[in-house]
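The next block holds one structure in the form of C-alpha cells; read it before the comments.
Nothing in this text is a laboratory measurement; each read-out follows from the coordinates by a stated rule. Keep in mind the model is a prediction, meaning the values are calculated, not measured. Neighbour counts are summed over all protein chains in view; Cβ atoms, including those assigned to glycine, are modelled from backbone coordinates with ideal geometry.
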Amino acid sequence: MSFIYHFGAGKAEGSAADKALLGGKGAGLAEMSRLGLPVPPGFTVTTEACQHYFKFGGEWPDNLEADIGHAVTQFETLTKKGFGSRQNPLLVSVRSGAPVSMPGMMDTILNLGLNDETVEAIATHTGHVRFAWDAYRRFVRMFGDVVFNISHNKFARAEDLIRQGRETDELDVDGLKALVSAYKKVIEDERLTFPSDPHEQLRLAINAVFQSFNTPRARYHRKAQGIPDDTGTAVNIQTMVFGNMDEQSATGVCFTRDPKSGQKIFFGEWLPNAQGEDVVAGTHTPLPLNTLSGGNAEDCLEHQMPEAYAQLNDLQLRLEEHYGDMQDIEFTIERGELFILQTRTGKRTPAAAIQIAVDMVNEGVITKEAALMRVEATSLELVMRPVIDPSAPKNCIAKGLDASPGAACGRVAFSSEAAQEMVEHGDPVILVRLETSPEDIQGMTVSEGILTAQGGQTSHAAVVARGMGKPCVVGCTDLLVDYGRGLFYTGSSVVKAGDYITINGTDGSVYEGKVPTLPPATSSESVQTFLKWADEFAVLKVRANADNASDAARARSLGAIGIGLCRTEHMFFQADALRAMRQMLLARDEHSRQRALQLILPIQREEFKHIFESMNGLPVTIRLLDPPLHEFLPKRPEDISALAQDLGLRDGALKERLGQLHEINPMMGHRGCRLGLTNPEIYATQVRAIFEAACQLTRDSDITVIPEVMIPLVANAPELERCRQTVVNMAEHIISQYNVSLDYKVGTMIEVPRAALKAGSIAQHADFFSFGTNDLTQLSYGFSRDDIGKFLPFYLAEGILPDNPLAQFDIDGVGELVEFGTSRGRHSNARLKVGVCGEHGGDPKGIAFFHNIGLDYVSCSPFRVPVARLAAAQAALTHSA
Ligand code: PEP
Ligand code: MG
C-alpha cells in the first residue's frame, strides 16, 4: 500500500476523485497536473498515513519514511536541485489538506530546506541576498510556531527588539540575519533545537501537520460545521516557487466569479513581491487584480503584468469549465512565470451561491436539479439579511472593505474572550480586531458581525465571516486599534470596548451607536427564480408560524402558502391586551371571567381580521389559547404590586390568587385544552372572535377566508371531541347569524406523546393533525424547554447527545412518534391532513424526514420559509434519486 501520490510535470498518480485519500488540496493538485496546468511538482502523503499516525500513537506506517526518501530523490532529479545542497538547494512547502476544507484551521510551513548553509547558496544562486534571508527568517519563525508551538508573542517581541533603532520598516540583510538569530534564540530559550537537516525538518513538519488536524481549534470547527472527525489530513509537499523574489514576482488569490455578488466577473487580489501568506493573513492590504475587481487601473495585475494576467485569465476559464463550479485559485508569479498553487470550489455568500446557481443553469452548465442541490438550505435565511434603514440618522465614523453583506449592530469587543463574556450577558457583539486568525473563531462565532483594520477580501476575517454568513467589514484603515487601552480611534471619534457600533458589510461603512436596520425589502430576481424552481420539485408544502398581520404578510411574500400556526396567546403582548388576559386568568368566577373575555373579544376579532386579509385565499390555522400560566403572571414583588394597583386589587388579595394559580410544573400544568375544557367560555369567546371576523370579511369584502381551528395539548380523544363540539356549535351559530357560506376545519396539535400513540382514536375527531414538535420533544425526553441549558452543553461536549433536540429534530426518537401517529391517524381517517408546526418545521434534516414519511406540510417562522422551500425540494430530489 502506498502512502505517497506524486503530481507535477503534466502527470499525477491521483485525480479529483481521490479526495478522501488525498484531501481536497491534494486531489486538486493532482487534477490540475493532469490538465497540464503549471503546478509546481510535489507529492501528497495520504490521509491514511495520518489515520495510522493517530491510531498508533504518533508512529508512521512502515514504508512511509522510505517512500518519502524516494519521493525527495525523484524531486531532486525533476528539479535538478538537491535537498540540503550547497550549490542549488531544493526548498519545499508543507501544507495540510483534509478531505473537507477547513480554511485557516490547519498548518502550513513554507521554505522548508533552509539552514545556515542553504540560505547562502540560495542567495548566490538567485543573486538575491535579501530575498534569501527574508525567506529564512520566515521559515525559522513558522517552524517555531507550527512545529514547536511557541507563542507568536515571543517571536514578535524578539522582532520588536531588532527593529528598534532601525530607521525604516524594511529590514536590510543585516537586520534579517539578526532576526534569524533572534528567532533561533527564542527556540533555544524553550530548550528546543532548530534542526538544520532538511530531512529532519520535513519529518517534524509532516508530524506537525498531522497534529494540526486534532487541535482544539480544528475540532471545534469540525463540530460547528458538522464535519466528520476521523478522516485525518493529507500533507502536500511541493517545490517552492517564490512570489517575493523580485518586482517581477507576485502572489494572489482569485475567484472565477465574484464571491460576494455571484456576478460573472473574474475577481481577485494580488500583492507584488510577496508570499501567499501575506494575502491570506490580512497583514497587507492587497491590490485588485483587474478593473472589474474594482481597483485603480495602474494598481491592477492586468496593467502591471499583462502577460501573466492574460495566462491567468485563460487558466481560470479552463478551471471553471472543468469543475463546473466557481473556483477559488491561488497563484504565484516567480520572475514573470505563472504557477497555480491551488484550486478549489470557492466559498461564496449565500446570495452569490444562488446567483451562480441560477446563472449556471441559464448558461447551460448545470441542470435546475443540480442548482437546487448546490445551495445549502439554511443559507437562504441569510439572504434575507437585515439592511441599514436608509432613512435613519447615522454617523459614519469609518469606511473599510465590504467583505460580507448585511448590517449588524452590537457592543465592541476586542478579543474572543471578551466577545464570549458579553454574549453570556445577553449583549450582541461586534468583534473588532486588527486582523483575525483562527484563534478568533470562537469570538467570531458568537458575534453579530466582524470589523478588522487590516486585510482584504480574501483575508481570514473576510473568508470565514462569509462562510458563517455574518456581516463583515475588513481593511478599515481609518481605524487605529489600541488593544492595550481597549479602544479604537477613527479620524473623528474614540470608541471604547462595550460601546455600540453598527457595521454595514454591504458597503463597508462603520457607524457610531445603534443604527436601526430593516429586513431586506425584496429578494432579488435570482432568489425568486431559484425558489420557484424549488417549488416545482417540492412535494411538502410550506406554511408559516405567524401571530399578527405583518408577520403573516411577510410570510406570504416569502412564499408561505398558508399560516400553519397562529399562537393566540401571542396576541396579548400589548399593554391593554395583556391586562385583559391577566384579568381573565386571575378571575375567580365565571362572571368576572366573562367580563374580561368581553374585553378580549374585540381585540382578537380585529387581529384575526387583519391576518385573514393578509392571507386572502390561503388557509390560516388558529390555535386556541395555550398559555403556560407562568409566562403571563408576574413574579417579582414590584411587578405584583404594579399589577394589583392596575387591577384595583389589594397586594395581599392578588398574592393569594397567584398562590392558588401557582404550579410546580407550568409546562405540564393547566394549559392548552385543559384550560379550554375547564373554562369553556374562553374557547367559546375565541371561536366567536374568529368566526365573526371571518363572516364579516366574507359578507363585506372579496376576501376569501379559510379558517382552521386548532386545539392544543390534546392527549386523548374525549378532550378533542368536547373541544370540537364547542368550536362547531359556536362556528355554526355565527355562520348562520351572518348567513354566509364558509368552509372551516377543526384539528388538533399532536404534542403529547400519548396523543401520538392514540392518534387512531383522536383522528376520528380531527380534520388535521399538526405535530407540535417543541412540546413533543420536551415531553418525550422529559427535558424542560426552559432549563435544558443547564445540562445541554455537558451532554453535547460528552457526545451523550449529537445536538440540541429542541433545535435539530430527533429523527431517531421523536421521529418514530411522528411516523407512528401519522400512520395511525391516517388509518382511521383517510382525509386527515398532517403537518408539523414546531421549530423543527424549519430544520432541513427534519424536513427531509417529514417528506420521506409523507407529511403534507411544515410550518416555520417567516424568515425560515425560503429555507424550508429549498429543503423540501432537496428532500424530494434526494428521495427520488
Ligand atoms: C409545539 O409545542 O411544537 C408548538 C408549536 O407549540 P408551542 O411552541 O407554542 O408550545
Ligand atoms: Mg406546544
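Summing Cβ point charges (Lys, Arg +1; Asp, Glu -1) relative to the Cα centre of the chain gives a dipole of roughly 2220 debye.
Which peptide among 367-375, 575-583, 498-506, 444-452 comes first, and what is the full order, when sorted by highest mean count of other Cβ atoms within 10 Å?
Ranked from most to least packed, the peptides come out as 444-452, 498-506, 367-375, 575-583.
The H on the amide N of residue 90, modeled in the peptide plane, is under 5 Å from the matching H of 82, 83, 84, 85, each at least 5 residues off or on a different chain.
Determine the shape class of the stretch 595-684: with a ≥ b ≥ c the square roots of the Cα gyration tensor eigenvalues, call it rounded for a/c under 1.5, and otherwise prolate if a/b is greater than b/c, oblate otherwise. It would help to have the intermediate numbers written out before the result.
Values: a/c = 2.44, a/b = 1.74, b/c = 1.40.
It comes out prolate by the Cα gyration axes.
For the stretch 668-796, the dipole from Cβ point charges (+1 on Lys and Arg, -1 on Asp and Glu) about the Cα centre works out to 440 debye, to the nearest 20.
The length gained by stretching the chain between residue 70 and residue 578 to full extension, at 0.36 nm per residue less their Cα-Cα distance, is 175.0 nm.
Which shape class, rounded, prolate or oblate, goes with the stretch 116-242 when its Cα gyration tensor gives a ≥ b ≥ c as root eigenvalues, a/c under 1.5 marks rounded, and past that a/b bigger than b/c marks prolate? Write out the running numbers ahead of the final one.
Numbers: a/c = 2.17, a/b = 1.63, b/c = 1.33.
The shape class here is prolate.
Listing 470, 80 from the residue with the fewest other Cβ atoms within 10 Å to the one with the most, what is the order? Walk me through the numbers before you get to the answer.
Working: 470 26, 80 8.
Ranked by crowding around the Cβ, least crowded first: 80, 470.
Residues whose amide H falls under 5 Å from that of residue 620, counting only those 5 or more places apart or on a different chain, are 563, 706, 708, with hydrogens built in the peptide plane.
Taking a point 7 Å from the Cα of residue 641 along the Cα-to-Cβ direction, the residues of the stretch 649-671 with backbone N closer than 20 Å to it are 649-659. Once divided by 2.2 N^0.38 Å, the Cα radius of gyration of the stretch 1-148 becomes 1.10. Karplus-derived 3J(HN,Hα) values for the stretch 22-38, using 6.51 cos²θ - 1.76 cosθ + 1.60 with θ = phi - 60°, are 9, x, x, 5, x, 5, x, 5, 4, 5, 5, 4, 4, 6, x, 6, x Hz; glycine and proline are entered as x. Relative to the longest principal axis of the Cα atoms of the chain, helix 651-661 runs at roughly 80 degrees. Computed from phi, the 3J(HN,Hα) profile of the stretch 503-510 under the Karplus parametrisation 6.51, -1.76, 1.60 (θ = phi - 60°) reads 10, 10, x, 7, 10, x, 7, 10 Hz, with x in place of Gly and Pro. Taking each of 260/541; 154/177; 154/185; 394/496 in turn, the alpha-carbon distance tops 21 angstrom for 260/541. Computed from Cα atoms, the angle from the helix 814-828 axis to the main principal axis of the chain rounds to 40 degrees. Here the alpha carbons of the stretch 675-787 define both size measures, Rg and Dmax, at 15.8, 50 Å. Just flag the GluC sites (Glu not before Pro) in the stretch 1-83 sitting in loop per DSSP whose Cβ has no more than 11 other Cβ atoms within 10 Å. Sites meeting the loop and neighbour criteria: 59. Counting only the Cα atoms, the stretch 357-410 fills a convex hull of 138 Å³ per residue.
Close amide H partners of residue 398, meaning residues 5 or more places away or on another chain with modelled amide H under 5 Å apart, are 510. Here, the chain is characterised by an Rg to Rh ratio of 1.04, where Rg is the alpha-carbon radius of gyration and Rh the Kirkwood radius. What ranking of 183, 53, 738 emerges when the number of other C-beta atoms within 10 Å of each C-beta is taken as an exposure proxy, fewest first? Exposure proxy ranking, most exposed first: 738, 53, 183.
For the cross-link pairs 532/609; 25/845; 19/223, the ones whose C-alpha atoms lie over 25 Å apart are 532/609; 25/845. Across the stretch 576-585, coupling constants 3J(HN,Hα) worked out from phi with the 6.51/-1.76/1.60 Karplus curve, θ = phi - 60°, read 5, 5, 5, 4, 5, 4, 5, 4, 5, 5 Hz, and Gly and Pro carry x.
Which order do the peptides 91-98, 608-615 take when ranked by the mean count of other beta-carbon atoms within 10 Å per residue, highest first? Please report the intermediate quantities before stating the final value.
Details: 91-98: 25.4, 608-615: 22.8.
The most tightly packed comes first, giving 91-98, 608-615.
Over all Cα atoms in the stretch 673-733, the spread is summed up by Rg and Dmax: 12.7, 39 Å.
Averaging sequence separations of C-alpha pairs under 8 Å and six or more residues apart, then dividing by the length of the stretch 1-133, give the relative contact order as a whole percent. Don't skip to the answer; put the middle values down first.
Working: 202 pairs, mean separation 27.2, N = 133.
That works out to 20 percent.
Averaged over residues, the count of other Cβ atoms within 10 Å places the peptides 597-604, 269-276 in the sequence 269-276, 597-604, highest first.
Dividing the summed -39500 (n - 2.57) terms of all DSSP H runs of n ≥ 4 by the residue count of the chain sets its mean residue ellipticity at 222 nm at -14000 deg cm²/dmol.
What percent does the relative contact order of the chain come to when contacts are Cα pairs within less than 8 Å and at least six residues apart?
Details: 1826 pairs, mean separation 75.2, N = 881.
Answer for the chain is 9 percent.
Principal-axis analysis of the Cα atoms of the chain puts helix 64-79 at an angle of about 60° to the longest axis.
As a proxy for reagent exposure, ranking 791, 691 by other Cβ atoms within 10 Å from fewest up yields 791, 691.
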